[in-house]
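Some notes on the structure that comes next.
Since every read-out is calculated from the coordinates, none of them should be taken as a lab result. Everything quoted here is computed from the prediction, not taken from an experiment. Here the Cβ is made from the backbone with ideal geometry for all residues, glycine too, and neighbour counts use every protein chain on show.
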Amino acid sequence: MSRRAIAAALVVVALLAGCAGPTPSPAPPSAAGSAPASGSISSTAVTPAPSPRASAPVASGGELGPPPRLALAPFVAGLEDPLEIAVRPDHPHDIYVAEQAGRVRLVRDGQLVKAPVLDIAGRVTADGEQGLLGLAFHPDPGDGRFFIYYTALDGSQVLSSFRMSSPNGDVADPGSESVLLSMPDRFSNHNGGALVFGPDGDLYVATGDGGGGGDPLDSGRHLDTLLAKVLRLDVNVAAGAPKPYGVPSDNPFVNRSGARPEIWLTGLRNPWRIRFDRQTGDLWIGDVGQGDWEEVDVARAGVGGLDYGWNLMEGFACYPAGRATDCATPDLTLPIAAYGHDLGCSVIGGTVYHGTAQPALRGWYVFADYCSGRMWELDPGGNGRREPIAALDSGHPISAIGEDPAGELLVTDLYAGAVLRVTVAGT
């Protein structure tokens, strides 16, 4: 491995959270940084939509076959620190990859195009857990925008949009940036950054808790901050509107005094990759743990207002370890699955496979761990806890799992700068 690759590996070991244990806690936040009581979460102040524990069972989209063993096959190389995969509507031969330094790259028919689609490295802090962290194209081909989430030079987390230089072109206009959100950030870690468009056409944005160890800002427990959340934004506002996005009227906290109306889900530590099941509309979340547990969460289609419990819980356990065991109150939504740090240290949220090339995999939710390279499967239907099913010890530092335009699964190998195809072993 080259010296540069080794440096990248060491820097990004922390990218997806504290693999070897809790991040050292900084000095306690000042009173000015503490959230006022009016924004705190109270189970009596708002009734969230039903959690998966209480809702009716959800079908997985057909009867599942036995969980298959998986394999990875080369797809494309030559990337630098790839962190995300996205597709563009009406471009069936293209996938787009976000590189941590601040570049968006195009892969066409399995070949990496030399010229970047976008290069804003001069605007991006790319160090440790910071960088270009999210990428999503507007689902309407006629809209022409794509959206990115990145760490700015001043350390703030920025959500912005860009346009291509020509309507059907392959190179973006770097001067077309329109900033939707800029969130000041006191710490460099736990930034989230995943972007996905939902079946409703709204943009969903995953944010981390703002960093430090154990959520010193208490972001997971307060609704007056955009941190530790999944946001739901209407980006289809008219030109000249007072804000660059709207808030859907059915967001769960729109009428809650002291709460940010953009919030869709709360109580997350560092959601690293969120994906919609393209068949059911369920939203799947991989939430990176602190020092003991990694978890997979789900919000069933159309269900908002859920609280996943951070920093009262880590996985199915109370946090911090050793505290009283009565933390799992009815207003919290428990994970679908969790695994300990004997199996990994940084969950990579995946998606439910609905492609055609791997019929034995159809209907299974696939996810991974960055540190160990392990991959697992889950039956996505029904409710209640289930154990991850081991599918592959890949040996790759997987930083993202995504879909190509046909629904076939791809993963990014951070150290090798490569994208790999997910296949069923032996096929």
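Here are a few things to note about the model shown:
- Reported label for calculated Cα Rg over 2.2 N^0.38 Å given [x] 0.91; [y] 1.35; [z] 0.98: [x]
- Ordering of 95-105, 255-265 by packing [mean C-beta count within 10 Å, highest first]: 95-105, 255-265
- Packing-based ranking of 284-293, 383-392, 358-367 yields 284-293, 358-367, 383-392, ordered from highest to lowest mean Cβ neighbour count within 10 Å.
- Packing-based ranking, highest mean first, of 301-308, 67-74 given that Cβ atoms within 10 Å are counted: 301-308, 67-74
- Rounded if a/c under 1.5, otherwise prolate or oblate - the range 69-154, Cα gyration tensor axes: oblate
- Calculated FRET efficiency for the pair H93/I389, C-beta based, R₀ 35 Å, to 0.05: 0.60
- Residue-wise HN-Hα couplings along the range 241-254, as the Karplus relation 6.51 cos²θ - 1.76 cosθ + 1.60 with θ = phi - 60° gives them from phi, are 5, x, 10, x, 8, x, 10, x, 5, 9, 4, x, 10, 4 Hz; Gly and Pro carry x.
- The simple spin-label model puts a point 7 Å past each Cα toward its Cβ; for D342 and V113 those points are separated by 4.8 nm.
- Distance in nm between pseudo-label sites at N168 and R186 (7 Å out along the Cβ direction from Cα): 5.1
- The relative contact order of the chain, computed from alpha carbon pairs under 8 Å that lie at least 6 residues apart in sequence, is 19 percent.
- Kirkwood Rh in Å, taken over all unlike Cα pairs in the range 237-359: 16.2
- Distance between the range 386-427 and the range 170-219 - C-alpha centres, whole angstrom: 24
- Residues F253, F75, sorted so that the one with the fewest Cβ neighbours within 10 Å comes first: F75, F253
- Spatial separation of Cα centroids for the range 240-303 and the range 89-152, in angstrom: 22
- Global geometry of the range 168-282, whether rounded, prolate or oblate, following the gyration tensor of its Cα atoms and the 1.5 cut on a/c: rounded
- Under the simplified labelling scheme, the A328-F316 pair shows an inter-label distance of 0.6 nm, with each label point 7 Å from Cα along Cα→Cβ.
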